[in-house]
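These notes are about the structure you will find just below.
The values are calculated or read from the model by the stated rules, or taken from the named source; none is laboratory data. All values reported here derive from a predicted model rather than from experimental measurement. FYI the Cβ positions are ideal-geometry reconstructions off the backbone, even for glycines, and counts take in every protein chain you see. Side chains are part of the model used for accessible areas, which takes the heavy atoms of the whole protein and leaves out ligands, DNA and RNA. Shrake-Rupley method; radii C 1.70, N 1.55, O 1.52, S 1.80 Å.
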Amino acid sequence: MATLAACNDDEGASESKASDSPSPSASATSAAPAPKIVDGPLPAITAGTKFGEKPTVAKGSGDPSDQVAVKTVIAGNGQTVAENDFIQANYLGQIWDTAKVFDNSYDRKTPLVIQLAPSAIIDSWRYALAGKKVGSRVLLSTAPTWGYGKEGNSSAGIKGTDTLVFVVDIEGTFNAKSSAKGKTVAQDAGLPKVSTNTDGKAPTIDVPKADAPKKLVAEYVIEGDGDEVKAENTVLVQYKGVLWDTGKEFDSTYSRKALTSFSLQQVVKGWAQGLTGKKVGSRVLIVIPPDLGYGDNPPSGSGISKDSTLVFTVDILAKM
């Protein structure tokens, strides 16, 4: 029942791509065997050498590795990245032979948030970044086999024979145990009470024995200090949903042990309105009346009755 509660009944769950940029997200699933991870050769970073600065990378010298070359240029001391995590990172990508930059997130001033999974990202990133720590700058080169394959990526000007070079600054990593981070906010006694645990376990939701509110409720339980979410954003979240009338859970990322992402333009109105303006890093209580939820047309098999008031706790982990 993936992202059932969040999606429009006529649109289906959104598994939005993290970026419209040509790389590194636009990758077909690869059946290639794992590469050898080698030390080099790798070109030098000649300017922008600090973590978070847009780097300048020299042209590759001589023949590149036919595998994946990886060097940790700056070693971070944060959480360790694991395969299938979502990472938040700034990056620059260029072609070995020409040093032509085909993509970078620094100029967009928006880090990429993407899952280190075969269906989401080029294979070289999965192999090069798993095991690295948040706060690290990683320099890597990849042969076409673990990049865009023999087809290349024409929209980025990448040929099927091009070795690619990336600099990746790992800003964060998120997995099924990730939680909100911030200051606890006093909760209204007349509203459902949400627990403030940040251990990755599902928060509890205690619904009062009272009539449900007629209007949308969207209140901080934990207030983070990240950027505000905008109506056009895609967000990475943990959430749990229960019915006001019974307190029964009908959907939860915690139960699935998997984070989910969706565009706020592809969810029920209560979600879109409730999360817009809230800060990344926060836990938000959302109470959605029927006219901003599913009304008289709930998804079949959802356990949601017609005209149900829905109660959610949502941890906003990142903007994508």
- Over the stretch 152-171, the set of residues in contact (Cβ under 8 Å) with a residue 40 or more places away in the chain and more than 21 Å from the chain's Cα centre (by Cα) is ASN153, SER155, ALA156, GLY157, ILE158, ASP162, THR163, LEU164, VAL165
- Task: Collect the residues in the stretch 53-84 that are open to solvent by less than 40 Å² (accessible area, probe 1.4 Å), of a type in the set (Gly, Ala, Ser), closer than 23 Å to THR173 by Cβ and part of a loop (DSSP other than H, G, I, E, B), keeping them in residue-number order.
- Result: GLY76, GLY78
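I'd like the residue in the stretch 130-146 that is of a type in the set (Gly, Ala, Ser) and in contact (Cβ under 8 Å) with a residue 60 or more places away in the chain and, out of all such residues, is surrounded by the fewest Cβ atoms within 10 Å (Cβ to Cβ).
So the first thing to find is which residues in the stretch 130-146 are of a type in the set (Gly, Ala, Ser), and the list is 130-131, 135-136, 141, 143.
Filter once more, keeping what is in contact (Cβ under 8 Å) with a residue 60 or more places away in the chain: 135-136, 141, 143.
Numbers: GLY135: 17, SER136: 23, SER141: 26, ALA143: 20.
Among those that are of a type in the set (Gly, Ala, Ser) and in contact (Cβ under 8 Å) with a residue 60 or more places away in the chain, it is GLY135.
Give VAL57, VAL38, VAL81, VAL68 a once-over and let me know the one that is under 26 Å from GLY152 (Cβ atoms), touching a helix residue (DSSP H, G or I) at 6+ places or on another chain (Cβ under 6 Å) and either basic (Lys, Arg) or touching a residue at least 24 places away in the same chain (Cβ under 8 Å) (or both). If you could, list the steps in order and put the result at the bottom.
On the way: VAL57 fails: touching a helix residue (DSSP H, G or I) at 6+ places or on another chain (Cβ under 6 Å); VAL38 fails: touching a helix residue (DSSP H, G or I) at 6+ places or on another chain (Cβ under 6 Å); VAL81 fails: under 26 Å from GLY152 (Cβ atoms).
Unique residue meeting the criteria: VAL68.
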- What is the one condition in (1) part of a strand (DSSP E or B); (2) within 24 Å of GLN94 (Cβ to Cβ) that GLY160 does not satisfy? (1)
- Please indicate, with yes or no, whether at least one residue in the stretch 90-113 is on the phi > 0 side of the Ramachandran plot and modelled with pLDDT under 95. yes
- Item | Whichever residue in the stretch 172-229 is outside any loop (DSSP other than H, G, I, E, B) and under 30 Å from GLU83 (Cβ atoms) and, among such residues, is farthest from the chain's Cα centre (by Cα) | ILE222
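With the requirement that a residue be of a type in the set (Ser, Thr, Tyr), farther than 28 Å from ILE222 by Cα and touching an Asp or Glu at 6+ places or on another chain (Cβ under 8 Å), what does the stretch 149-181 give you? Break it down stepwise before answering.
Keep residues of the stretch 149-181 that are of a type in the set (Ser, Thr, Tyr), which gives 154-155, 161, 163, 173, 178-179.
Cutting the leftovers down to farther than 28 Å from ILE222 by Cα gives us 154-155, 161, 163.
Within the stretch 149-181, just THR163 meets the criteria.
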- Note on the structure: Within the stretch 158-171, the count of residues that are open to solvent by 10 Å² or more (accessible area, probe 1.4 Å) and farther than 16 Å from SER124 by Cβ comes to 2
- Query: Taking the stretch 257-300 only, how many residues are without any contact (Cβ under 8 Å) to a residue 60 or more places away in the chain and among the small types (Gly, Ala, Ser)?
  - Reply: 7
- For the stretch 179-234, enumerate the residues that are surrounded by 14 or more Cβ atoms within 10 Å (Cβ to Cβ), farther than 18 Å from ALA318 by Cβ and charged (D, E, K, R). LYS193, GLU219
